[in-house]
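The values are calculated or read from the model by the stated rules, or taken from the named source; none is laboratory data. On a predicted model such as this, the values are computed, not experimentally measured, just so you know. With ideal geometry, Cβ positions are generated from the backbone for all residues, glycine too; neighbour counts draw on all protein chains shown.
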């Protein structure tokens, strides 16, 4: 099998995971928001080399909000859901039933709202992985980190370090009524767990 064919298979599997997860997240978030029109969609899916992650997400010096989850079960690792400052404020306001302009800072209520939205989205993506692979995979309760992107990635990537080459990245669009928020789902697994995932998806290593 050629490299191009392998890459195409991997992209197809990621896109399927993303589309299933996004669809389930849309339904769950709409229900939580009282039936508001919600459309969560996958806008990009890729395996990204660890050395390129910061650049892909806008640069190591970018200030972001990242909701962190541990991954447990047959796959162990980390999940991050990353939003820029404006996206975090918009997401929090929509979760709280406010207009985006009404949120000027991220306090405890806003932090809770961001974690709740991220929990729905990331939980749906991880559940889609579990459904497609038959692996038992769950996420731990979230915590929110506000810092420079480089510092957040250094901490998370440090847990897998040289035992991984790449991570899974799913760019996500969250539309609530007329408002649109962009977020990025990152799944960080060490080399051994990534191989388990690839085999379970029927993909070449």
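Assorted remarks:
- Candidate set from the stretch 148-191 (those that are in contact with a helix residue (DSSP H, G or I) (Cβ under 7 Å, 6 or more places away or on another chain) and either without any contact (Cβ under 8 Å) to a residue 24 or more places away in the chain or in a helix (DSSP H, G or I) (or both)); member that is surrounded by the fewest Cβ atoms within 10 Å (Cβ to Cβ): 163
- Enumeration of residues in the stretch 107-138 that are touching a helix residue (DSSP H, G or I) at 6+ places or on another chain (Cβ under 6 Å), modelled with pLDDT under 95 and not in a helix (DSSP H, G or I): none
- Against the criterion of being touching a strand residue (DSSP E or B) at 6+ places or on another chain (Cβ under 8 Å), buried (at least 21 other Cβ atoms within 10 Å of the Cβ), modelled with pLDDT under 95 and within 20 Å of residue 137 (Cβ to Cβ), residue 25 does not qualify.
- Any hit, the stretch 92-103, residues being at pLDDT 90 or above and under 12 Å from the mean Cα position of the chain (by Cα): no
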